[in-house]
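Worksheet for the structure shown next.
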Amino acid sequence: MIYMIFAAAPLLLAGLLYASRQESIFGELLTKPLLSVLFIVTAMIQPHADTPYYPLVLTGLLLCLIGDVCLIFSSSRKVFTAGLAAFLAGHILYVAAFVTLGVTGPLVWAAALICLGLSTCVFLWLRPHLGEMRIPVIAYIVIITAMVICAAALMNNPDLDPAARALVFGGALLFYVSDIFVARQRFVTKAFVNRAAGLPLYYAGQFMIAFSTGLI
């Protein structure tokens, strides 16, 4: 099953990028939801320890699937806001999953300082373009920043599988960077480059987090 996912995901991503380039909502509907379902299936088919980590991450992935569908219709402010709310809830669940296994230390504090500084710069860059979306975007930036910091805390846990720690932290970072391209597309400059860069980063990050459920 995993090999089928490895084969199907790149093809669906290529189709999604092509549909995005053509600005085809129909094409995105044919590819994006199915591609997002694959990272949920990836999490579900692996063996899982009896810990809160797996159900929290799985629910977060499901909420991200809802957000992915909403973003297909991102030209509508209401639908975009609904997608933002779904991703926000998903990130909260990721935070809850990561924090249960996190260990503080110098690495975490350094990651926190870097993330807070970067997120502040991102907000200042976006602020002139946000209008009525300022409060929802601030809430989203706060939560996704917390997610990366909590992922750093999980990576700092020496009792966890090194591969799992790398998958979680790498996945969180890729998700964070991909959202910068989503914000640029929605608020600053509409251009295919945002999706060409953001979508592969996003799906790589989500699959990494999904794969981590089989190692924690």
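Considered as a group, the residues in segment 28-69 that are modelled with pLDDT of 95 or more and of a type in the set (S, T, N, Q) include one that is farthest from the chain's Cα centre (by Cα), and that residue is 31. If you scan segment 67-87, which residues turn out to be under 27 Å from residue 154 (Cα atoms) and either touching a strand residue (DSSP E or B) at 6+ places or on another chain (Cβ under 9 Å) or surrounded by fewer than 19 Cβ atoms within 10 Å (Cβ to Cβ) (or both)? Of everything in segment 67-87, just one residue is under 27 Å from residue 154 (Cα atoms) and either touching a strand residue (DSSP E or B) at 6+ places or on another chain (Cβ under 9 Å) or surrounded by fewer than 19 Cβ atoms within 10 Å (Cβ to Cβ) (or both), namely 85.
Residue 124 satisfies every condition listed in (1) more than 14 Å from the chain's Cα centre (by Cα); (2) within 20 Å of residue 81 (Cβ to Cβ) except (2). Across segment 41-67, the qualifying residues are those that are of a type outside the set (D, E, K, R) and part of a loop (DSSP other than H, G, I, E, B), and the one among them that is farthest from residue 161 (Cα to Cα) is 45. Tell me, yes or no, whether segment 182-196 has at least one residue that is under 12 Å from the mean Cα position of the chain (by Cα) and more than 27 Å from residue 47 (Cβ to Cβ). Yes, there is a match, as at least one residue in segment 182-196 is under 12 Å from the mean Cα position of the chain (by Cα) and more than 27 Å from residue 47 (Cβ to Cβ). Looking for something farther than 18 Å from residue 84 by Cα, in a helix (DSSP H, G or I) and in contact with a Ser or Thr (Cβ under 8 Å, 6 or more places away or on another chain) - is there at least one such residue anywhere in segment 133-146? The answer is no; no qualifying residue exists. Scanning segment 96-124 for residues that are touching a residue at least 12 places away in the same chain (Cβ under 8 Å), farther than 16 Å from residue 173 by Cβ and of a type outside the set (Gly, Ala, Ser) returns 99, 100, 101, 103, 104, 123.
Somewhere in segment 185-208, is a residue closer than 21 Å to residue 92 by Cβ and in a loop (DSSP other than H, G, I, E, B)? The answer is no; no qualifying residue exists. As a summary of the residue check, residue 72 satisfies the conditions (1) touching an Asp or Glu at 6+ places or on another chain (Cβ under 6 Å); (2) modelled with pLDDT of 95 or more except for the one numbered (2).
Checking residue 145 against (1) within 28 Å of residue 214 (Cβ to Cβ); (2) in contact (Cβ under 8 Å) with a residue 24 or more places away in the chain; (3) buried (at least 19 other Cβ atoms within 10 Å of the Cβ); (4) in contact with a Gly (Cβ under 9 Å, 6 or more places away or on another chain), only one condition comes out false. Which one? For residue 145, the failing item is (4).
The values are calculated or read from the model by the stated rules, or taken from the named source; none is laboratory data. This structure is a prediction, so every number in the text was calculated from the model and none was measured. Note that each Cβ is placed from the backbone with ideal geometry, even for glycine, and that neighbours are counted across all protein chains shown.
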